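The values are calculated or read from the model by the stated rules, or taken from the named source; none is laboratory data. If you're wondering where the values come from, they're calculated on a predicted model, not measured in any experiment. In this analysis, Cβ positions are derived from the backbone assuming ideal geometry, glycine residues included, and neighbour counts consider all displayed protein chains. Heads up: the accessible areas ignore ligands, DNA and RNA and are worked out on the full protein's heavy atoms, side chains in. Shrake-Rupley method; radii C 1.70, N 1.55, O 1.52, S 1.80 Å.
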Amino acid sequence: MERYICIHAHFYQPPRENPWLEAIEQQDSAYPFHDWNERITSECYAPNAAARILGPNGRIHEIFSNYAHISFNFGPTLLSWMEEKAPNIYQRILEADRQSAERFSGHGNAIAQAYNHMILPLANRRDKQTQVIWGLRDFQKRFGRDPEGMWLPEAAADIASLEVLADQGIKFTVLAPHQAGQVRKLGPGGRWKNVGGGQIDPTRGYLCRLPSGKQITLYFYDGPISRAVAFEGLLSNGETFAKRLLGGFSPNRDWSQLMHIATDGETYGHHHRHGEMALAYALHYIESNNLATITNYGEYLEKNPPTHEVEIVNNTSWSCAHGVERWRSNCGCNSGMKSGWNQEWRAPLRNALDQLRDGLDEPYQKAAANLLKDPSKARDEYIDVILDRSKSSLNNFFAKYETHKLERTERVQALKLLEMQRHALLMYTSCGWFFDELSGIETVQVIMYAGRALQLAQDLFGNGFEHQFLDALAQAHSNIPELGTGADIYRRCVKPAQVDLLSVGAHYAIAGLFDGYTERSSIYSYDVNLLQHEQRAAGRTRAAVGRAVICSRITLESDEVTFGVLHFGDHNVNAGVRYFRGEEDYNDLQRETEQASAGGDIAEILRVFNKHFDNTTYNLKSLFRDEQRRIVDQVLRSTLNEADTAYRQVYEHHASLMQFLASIHAPLPYILRVTAEFVLNSRLRAAFSSENPNIGEIQDLLNTVRREGIQLDSPGLSFVLKKTVNRIGEDLEKDPSFRNLARFDEVLSLLKMLPFEVDLWRTQNMFFELLQRASQITDFQNEEAQGHLISIGERLGLYVGVFQSAMAQNGAPEPVPAIA
């Protein structure tokens, strides 16, 4: 009988966006990257799109997509971020699915996922349905086909959730072995056998008959091998990984066996560095030696329909030994952050969210019924607007569901109702309960979603939802006594983060004074249309007043605001914003500000602002985080330039002394060591980011670093140099001339000098493909150019033997599998 292998990877990240801005703000813990999505993309999602297979010489012999060879799912919220922020990787993922369908009898590798990683067994029926429909529709939009399978978040399953999957046409899902209760052979005489505790044979699919009469196929992955991949270092060697997979087959089985595992996708590259290479090598080893057939679940199901049926253990998951208690109780499952902590906060957190969800349901149904046909179905279909917020998409949605021709204000109300429901779903994202502490970023994130739902409820209904929510949330206690309860954390972390049109206006007013005011601006999920502004400057002091229309692209809510802003110099900024009160009032503000500015009377300007803006002031702290950092950098530029000059003067004045101390192995005094570290890191950063890096200068700087024992900012310098190498590589890719080839070779000569590694993933991909067409490029046909090609290939760790042999015979190199 045939032997099949299927590796499933569940790619997912906790959502990190600000619910009011619909964007991820800077996360310092991800340095040198902007945020953790960006960092994990670099460490995992990108490398799996172009994994390296090394030859015996340790050089790269082949580059191909793991996504084209494994079963996988991506969280829809992660793909939404990737579509905007990492479009090249996003397209590679979609292309890999198309390629896999060609390879696996029309069955693509990608399967869907319930939308925002909600634990479905703990959800009510309505939320279960919306989660599945949204996940299905998101998949259809991105991959251009219907999904055959769907991943259940945390593999958490109950019969009701399986019913929803089957009702939506999902053919299969994947569960952990301990989630199977009993099995029997299909047909007359089949007797139930208890397989609890993970005793089920994982090498086949099982039919699950549901109370409704529908059915779904379940695959129970191999537990021990999956665990070894995730936690026991099996990815340290690709061949060992392959042999462990092959060891899961048995000659005693008389059916076409499916050896399959399932892990978090981040295992391959993020949790285990170079794990994607072990995965690629294992697949290559198995295929090239014809040891088994690589497949996916859809193809295997078509070729091998279930011969047995199964009954599951209700309310179980793959990551909680107590069923689904990790997401509602202090069951003992945690990440071990700190001994002595408890998770008693989990139950009151879920209770608070359940009360909020249930409390919002009736007002939603009642208010939405006046605007939308079938409010529940409209909510399910709202995913089409979430995926495409264009005017035409919105018009199509309202044409289908509006009870009458809605005015603009009614559309705003309908969108607020639907957004309130969206955030009431997002607040159940499983990560909020998975970890150890109530004040953790994942838990605060779900409370932020609740905060957005509450803000919208207040706008719509104006009643005491927030007060009731805080009463319930106060029952959840942090393990850190000074942080208090969930209600305290809400007031400390969520309330200050809330955004309305006035706070967007304040951001625009302050940022505009530094960047210049433009007629039309986009600030995250808001549009700004400047109607009028006047600006005056006297020395370092600048003042501006203006009017603008702020509009949310999410709810279409808009209003006109009036602003005034005063910059005293440095970081001292004072701004006021209010809703427009009419031409006369605005003219008074304009005239009074102009009179005070003409006299250079800062105190008078402040009095004018206090009068017109009711003593409500904003400052640099009011800016959204990314813009705040950018403006502060502008403010600090002159200060930093002064500090840089001073440090450089001290360093240059005492350079010979420091060299002498290094020569006699005497430690540098602390103040001189700090000075040297600042100056040398600054000089290297500038040299690395230069349009044409000066190799000699960089070599001298690195020699000084080694001689004086200076500590480098390796992550930051590596990040800067990576950008430069990529930029010069892109120049070569666009214009494969001899000049760009020699320039690229020269900058890569830096690699052997460095005391740290540089991420060359993108550059290797580019040059690997360039080598394949080198024989067709006119500028590359002379001996000197071919020397550069070989030199670059070797510097990048590529196998250039095929290319060398072909060039020696004056022919084209044999084809090497390109990036899929």
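Looking at region 7-23, can you tell me whether even one residue there is without any contact (Cβ under 8 Å) to a residue 60 or more places away in the chain and not aliphatic (A, V, I, L, M)?
Looking through region 7-23, none of the residues is without any contact (Cβ under 8 Å) to a residue 60 or more places away in the chain and not aliphatic (A, V, I, L, M).
Going through Gly600, Gly564 one at a time, which residue ends up being farther than 30 Å from Thr675 by Cβ, modelled with pLDDT under 80 and either outside any loop (DSSP other than H, G, I, E, B) or more than 31 Å from the chain's Cα centre (by Cα) (or both)?
Going through Gly600, Gly564 in turn, just one is farther than 30 Å from Thr675 by Cβ, modelled with pLDDT under 80 and either outside any loop (DSSP other than H, G, I, E, B) or more than 31 Å from the chain's Cα centre (by Cα) (or both): Gly600.
Hey, can you tell me all the residues within region 87-122 that are of a type in the set (A, V, I, L, M) and buried (at least 23 other Cβ atoms within 10 Å of the Cβ)?
Step one: filter region 87-122 for residues of a type in the set (A, V, I, L, M), giving 89, 93-94, 96, 101, 110-112, 114, 118-120, 122.
Within region 87-122, Ile93, Ala96, Ala110, Ile111, Ala112, Ala114, Met118, Ile119, Leu120 meet the criteria.
In region 719-742, which residue that is touching a Leu at 6+ places or on another chain (Cβ under 8 Å) and not in a loop (DSSP other than H, G, I, E, B) is nearest to Glu783 (Cα to Cα)?
Of all residues in region 719-742, those touching a Leu at 6+ places or on another chain (Cβ under 8 Å) come to 721-722, 725, 732-733, 736, 740-741.
Going one step further and asking which of them are not in a loop (DSSP other than H, G, I, E, B), we end up with 721-722, 725, 732-733, 740-741.
On the way: Leu721: 29, Lys722: 29, Val725: 24, Leu732: 18, Glu733: 20, Asn740: 16, Leu741: 13 Å.
That would be Leu741.
If a residue must be more than 22 Å from Leu207 (Cβ to Cβ) and more than 23 Å from the chain's Cα centre (by Cα), how many such residues does region 119-170 contain? Even if it seems obvious, please write down each step before you answer.
Quick first cut of region 119-170, residues more than 22 Å from Leu207 (Cβ to Cβ) only: 119, 122-127, 129-131, 133-135, 137-145, 153-154.
Among the residues that remain, those that are also more than 23 Å from the chain's Cα centre (by Cα) are: 122-127, 129, 145.
Adding up the residues that qualify gives 8.
Give me a count of the residues in region 132-189 that are of a type in the set (S, T, N, Q), buried (at least 18 other Cβ atoms within 10 Å of the Cβ) and farther than 21 Å from Val310 by Cα. Before you say what the answer is, go through the steps one by one.
Initially, region 132-189 is screened for residues of a type in the set (S, T, N, Q), giving 140, 161, 168, 173, 179, 182.
Now drop any that are not buried (at least 18 other Cβ atoms within 10 Å of the Cβ), which leaves 161, 173, 179.
Those left that are additionally farther than 21 Å from Val310 by Cα: none.
Residues flagged as of a type in the set (S, T, N, Q), buried (at least 18 other Cβ atoms within 10 Å of the Cβ) and farther than 21 Å from Val310 by Cα within region 132-189 amount to 0.
Of the residues Arg350, Arg326, Arg357, which single one is of a type outside the set (A, V, I, L, M) and crowded, with 22+ Cβ neighbours inside 10 Å? Full working, then the answer.
Details: Arg350 fails: crowded, with 22+ Cβ neighbours inside 10 Å; Arg357 fails: crowded, with 22+ Cβ neighbours inside 10 Å.
Of Arg350, Arg326, Arg357, the one residue that is of a type outside the set (A, V, I, L, M) and crowded, with 22+ Cβ neighbours inside 10 Å is Arg326.
Just to be sure I understand the filter: pairs with C-beta atoms under 7 Å, separated by 6 or more residues or on different chains, first member in region 363-375 and under 13 Å from Leu415 (Cα atoms), second member of a type in the set (D, E, K, R) and not in a helix (DSSP H, G or I). Which pairs pass?
Note: pairs meeting the criteria are Leu371/Glu402; Leu372/Glu402.
Only one of these conditions is not met by Glu239: (1) open to solvent by 20 Å² or more (accessible area, probe 1.4 Å); (2) part of a strand (DSSP E or B). Which number is it?
Evaluating Glu239 over (1) open to solvent by 20 Å² or more (accessible area, probe 1.4 Å); (2) part of a strand (DSSP E or B) leaves (2) as the failure.
So Ser256 clears everything in (1) over 19 Å from Gly197 (Cα atoms); (2) within 31 Å of the chain's Cα centre (by Cα) except one condition, right? Which one?
Only one criterion is unmet by Ser256, namely (2).
Here's the yes/no breakdown for (1) open to solvent by 20 Å² or more (accessible area, probe 1.4 Å); (2) without any contact (Cβ under 8 Å) to a residue 40 or more places away in the chain:
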{"position": "Gly462", "(1), (2)": "yes, yes"}
{"position": "Glu466", "(1), (2)": "yes, yes"}
{"position": "Leu483", "(1), (2)": "yes, no"}
{"position": "Val494", "(1), (2)": "no, no"}
{"position": "Ala497", "(1), (2)": "yes, no"}
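Out of region 567-597, which residues are outside any helix (DSSP H, G or I), open to solvent by 40 Å² or more (accessible area, probe 1.4 Å) and of a type in the set (D, E, K, R)?
Asp570, Arg581 - these are the residues of region 567-597 that are outside any helix (DSSP H, G or I), open to solvent by 40 Å² or more (accessible area, probe 1.4 Å) and of a type in the set (D, E, K, R).
Please verify whether Glu287 is surrounded by fewer than 17 Cβ atoms within 10 Å (Cβ to Cβ) and part of a helix (DSSP H, G or I), treating the condition exactly as stated.
Yes: the conditions hold for Glu287.
Tally the residues that are out of contact with any Ser or Thr (no Cβ under 7 Å at 6 or more places or on another chain) and either assigned to a helix (DSSP H, G or I) or open to solvent by 50 Å² or more (accessible area, probe 1.4 Å) (or both), restricting the search to region 336-347.
The total comes to 8.
Where the second residue is in a helix (DSSP H, G or I) and the first is surrounded by 12 or more Cβ atoms within 10 Å (Cβ to Cβ) and lies in region 637-649, which pairs have Cβ atoms under 6 Å and are six or more apart or on separate chains?
Tyr647/Thr675; Tyr647/Phe678; Tyr647/Val679; Arg648/Val679
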